[in-house]
Every structure is written in structure tokens, then in C-alpha cells.
Amino acid sequence: MRLAVLKERRAAETRVAATPETVKKLLGLGLEKVAVETGAGLASGIPDAAYREAGAEIAPDAAAALAGAGIVFKVRAPTEEELALIPRGALLVGILGADEAAARAYAERGIDAAAMELLPRITRAQSMDVLSSQANLAGYRAVIEAAAAYDKAFPMMMTAAGTIPAANVFVMGAGVAGLQAIATARRLGGRVSATDVRPAAKEEIRSLGAAFVGYEDEESRAAQTAGGYARPMSAEFLRKQAEVVAGHIAKQDIVVTTALVQGRTAPRLVSAEMVAAMRPGSVIVDIAAEAGGNVALTKPGEMVVTENGVKILGYANWPGRIPAAASALYARNLLTFLATFWDKEARAPRLPEEDEIVRGVLLTRGGRVVHPQFAPAKA
Ligand code: NAD
């Protein structure tokens, strides 16, 4: 069986779905060939030669890479042109951001599509959890870029010429990205506080040495779903939460927002008035920008400087801003997924229908949409 790795064509996508390290291991599984499209790794600092050395074949274009492929590894969903080139019956694995129309298109093309962003957050799936591996790096990178955009220092600096105070850093949303942002800001010497709605997050914030600032009530005590995600909070809760954090935000030098609610637009946590009350030179990083943004003034994909001199970084694809590390972890996630469901004798993947992970990620199988979230409603 052959596996294809394409060069990502979507805007701002710098990652790649396999590295020389994972190519070697993929071949070790018993794959006949791993074809990597030329230039696929360049934005992550991986030249064709490194893939070749690892045993991959370098294909001159997407069509050549995909010819005869039984498995296709991608970071993002294939473009229409790429989709048309994927052989029928192939297994496509990536962050597919799928909706019903896309699932139908995969089914019509006879492609078995695994959307890795739908992976259940269970212990057994941790090593293939692309959301966690990428969010972790996004949280780190957000703080590094905030520090670079901030015109003062993070740590308190006592010098002969006087003292520079530590930066106040507030992290909103303490999931995987937020917890890493807290840890990174602490390592840099910031004075860190954080908020979340899930009760479990409060303890995690404190265990990292940050202060918890937030509003709690009956609603927040039930804010975590069985899958571990936050529920969408009521307008009334969000208003009370805003009242509690508004005064705190006004005293912050850095605000990092990471709050997401599965399948919805990101909750609006920072209003234009809150930004207006911040000091000039403060920096806001909105990691949720692509999902609609946690901050009212965020412009997705851009940095804006407000009238009162606050910088708001709303870049898209935060893990893509640390591409070599993001690709390394992402590639390992996909390798682990394939290795977990690899049939050694058949030298092919076998995805048992009853497996919880397979049920979570598989959109289509044998020309049918099988995922309950996207399957057409039964008449
Ligand atoms: P996420 O990206 O969906 O959301 C980020 C954070 O925003 C979450 O902590 C969420 O509670 C918070 N949030 C949502 N609405 C908010 C609001 N109005 N105000 C403040 N914060 C708000 O979350 P994630 O990082 O993907 O983590 C989701 C859950 O999955 C967590 O419970 C995490 O511990 C868990 N998890 C489990 C595993 C595993 O066991 N395999 C792996 C990774 C994550």
C-alpha cells in the first residue's frame, strides 16, 4: 500500500503531515511506498533531501504523489483540485474541518475520511490527539509573540538604574492552550492570573501557580460536558462574568484569550469598552480569532492597534507560526493513529466500526457518510 503526503496549499498553512522521522516509521509498518510532494516540508524547515534520506519518494506534483495512493496524510482538508486526484477507496487523514457538504463529497468520491479534530478526548487517544498537540504549541507561541509585541519586560527587573515591574498577564480559557500559556508566561516571569468556566480548570490554573479570577454559580458548576468541553454559557452568565473580569482586565499588560465552545462561534469575552480601559502598550492575543474571536475588536488574520494604543494580535493558525515543532507533533499523531489501526498481515489499515476512536473520527466509509453528526437524517 502507498501513502501520499501533500504540500499544504491553504493560506497561512506552514505545517506538513509527515516528517523524515515518521516517514521511516511508516515504511517500517510495511508500507510499500511513501510519496512526498516536492516542497511539502519547506515551510517547516524540512528539505526534500531529508525525506529522500528517510526513504520517501519525492513526487514532482500532487497528481504524482497521489497516483495509486491507498492512504493520504494531510494537515488541512484537501482543496477541490486535490480531492479530484485522490484515488477511490483511499483513506484520507487530516484536520478536515468537515461539514455535511464536505462529508457528502468524500462519500461521493469513495474516499474514507478520518477527521482527526473529532477524536474523542480519552486516555487511549491522547497520543494521536491533534487538537491537544497543536493547542499546546499555540498557547506557547501566543505568549512568546505577546512578549515580542510588548514594549516592556515580562519579569520584574531590579537594576542599578531602578526597577521594572513584572508584567500582569491574564489568560482567558484554561484548556490545553491556556494552561500552556499560563506556564509559559510564568516561566518568563509574568504575574499570571487566569479564568475559565469549567470547575476543573480552576484547580489546574492554581496548580500552575496562577491566580484564579472569575465568576462562579450553579451554571458554571455544570459547565463541563461529558466529553470534557465547556458548554455554551447563557447571556446572563457571560454578562456576570464580564462584570467580574472587567476591572481586572483594565490592570493587565497582556491578555491571552483561548476560549472555545465546540461547534460554535467563540464566546465574546472582551468588549470594546474593556479594551478602551486598558493602558497604552498593552497587548491582547486572541488565539480564538479564527473561530470568531473572544475579543470584540479582533481582526482575524491581522494585528490591530487601537486608538488607545492596545495591540490586538488576531493571527490565524497559531500552531502554524511554530511550524517545525507543530509538524513534528502532528506527524507523530497521525503515525500513531495509523499504527494503532494497522493490520500487519494485510499491510493495510483496519478501522473496526465498533471502536470508539474510529466512530469518533470516521466521516465516510465505502461511499457512505457514517458519522452520526453528518449523516443525512433518516426519512
Ligand atoms: P477548548 O479549546 O474547547 O476551549 C478552551 C477553553 O476555553 C476550555 O478550557 C473551556 O472551558 C474554555 N471556555 C469556554 N467558554 C468559556 C467562557 N465563556 N469563559 C472562559 N473560558 C471558557 O478546550 P480544550 O483545550 O480542547 O480542552 C477541552 C477539555 O478536554 C478539557 O477538559 C481538557 O482537560 C480535556 N482534554 C482531555 C484530553 C484527554 O484526556 N485525552 C486531552 C486534551 C484535553
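The values are calculated or read from the model by the stated rules, or taken from the named source; none is laboratory data. Predicted model, so just to flag it, every value in this text is computed and none were measured. Glycine gets a Cβ as well: all are built from the backbone with ideal geometry, and neighbour counts include every protein chain shown.
Is there a residue in segment 112-124 that is modelled with pLDDT of 95 or more, crowded, with 19+ Cβ neighbours inside 10 Å, among the charged types (D, E, K, R) and outside any helix (DSSP H, G or I)?
yes
Do you know which residues across segment 68-111 are of a type in the set (S, T, Y) and under 16 Å from A17 (Cα atoms)?
Within segment 68-111, the subset of a type in the set (S, T, Y) is 79, 106.
The answer is T79, and nothing else.
Would you please list the contacts, defined by Cβ atoms under 7 Å and residues six or more apart or on different chains, that run from a residue in segment 169-198 that is of a type in the set (F, W, Y) and more than 6 Å from the ligand (Cβ to nearest atom) to a residue that is modelled with pLDDT of 95 or more and in a strand (DSSP E or B)?
Note: pairs meeting the criteria are F170/S193; F170/A194; F170/V255.
Tally time: how many residues in segment 294-313 are among the polar types (S, T, N, Q) and within 19 Å of the chain's Cα centre (by Cα)?
Qualifying residue count for the region: 2.
Return the residues of segment 72-112 that are within 19 Å of G263 (Cα to Cα) and within 19 Å of the chain's Cα centre (by Cα); say none if nothing qualifies.
If the condition is that a residue be within 19 Å of G263 (Cα to Cα) and within 19 Å of the chain's Cα centre (by Cα), then R76, A77, G94, I95, L96, G97, A98, D99 are the ones that fit.
Among what's in segment 52-75 and is touching a residue at least 60 places away in the same chain (Cβ under 8 Å) and of a type outside the set (G, A, S), pick the residue that is farthest from Y330 (Cα to Cα).
L66
This table checks each residue for (1) within 22 Å of the chain's Cα centre (by Cα); (2) at pLDDT 95 or above; (3) in a strand (DSSP E or B); (4) surrounded by 17 or more Cβ atoms within 10 Å (Cβ to Cβ).
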site	(1), (2), (3), (4)
A246	no, yes, no, no
Q252	no, yes, no, yes
V255	yes, yes, yes, yes
A259	yes, yes, no, yes
P267	yes, yes, no, yes
E273	no, yes, no, no
P280	no, yes, no, no
V285	yes, yes, yes, yes
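Show the residue pairs that are 6+ apart or on different chains and have beta-carbon atoms under 7 Å apart, the first residue being within segment 201-220 and within 17 Å of R187 (Cβ to Cβ), the second being within 11 Å of the ligand (Cβ to nearest atom) and outside any loop (DSSP other than H, G, I, E, B).
E204/L179; I205/A194; L208/L179; A210/A194
Filter segment 287-297 for residues that are buried (at least 18 other Cβ atoms within 10 Å of the Cβ) and part of a loop (DSSP other than H, G, I, E, B) and give the result.
Of everything in segment 287-297, those that are buried (at least 18 other Cβ atoms within 10 Å of the Cβ) and part of a loop (DSSP other than H, G, I, E, B) turn out to be G293, N294, L297.
Results for (1) farther than 23 Å from P267 by Cβ; (2) at pLDDT 95 or above; (3) small (G, A, S), shown as yes or no for each residue.
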site	(1), (2), (3)
A142	no, yes, yes
A147	yes, yes, yes
D151	yes, yes, no
V171	no, yes, no
V213	no, yes, no
Y229	no, no, no
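Residues are listed down the side, and each one gets a yes or a no for (1) surrounded by fewer than 17 Cβ atoms within 10 Å (Cβ to Cβ); (2) in a strand (DSSP E or B); (3) among the basic types (K, R); (4) touching a residue at least 40 places away in the same chain (Cβ under 8 Å):
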residue	(1), (2), (3), (4)
N317	no, no, no, yes
G320	no, no, no, yes
A326	no, no, no, yes
R332	no, no, yes, yes
F337	no, no, no, yes
P352	yes, no, no, no
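Please tell me if T257 is within 11 Å of the ligand (Cβ to nearest atom), within 22 Å of E117 (Cβ to Cβ), touching a strand residue (DSSP E or B) at 6+ places or on another chain (Cβ under 6 Å) and of a type in the set (V, I, T). Outline the logic, then answer.
Working: within 11 Å of the ligand (Cβ to nearest atom): yes; within 22 Å of E117 (Cβ to Cβ): yes; touching a strand residue (DSSP E or B) at 6+ places or on another chain (Cβ under 6 Å): yes; of a type in the set (V, I, T): yes.
Yes.
For I144, indicate whether it is within 16 Å of the ligand (Cβ to nearest atom), more than 23 Å from Q241 (Cβ to Cβ), surrounded by fewer than 23 Cβ atoms within 10 Å (Cβ to Cβ) and hydrophobic (A, V, I, L, M, F, W, C).
no
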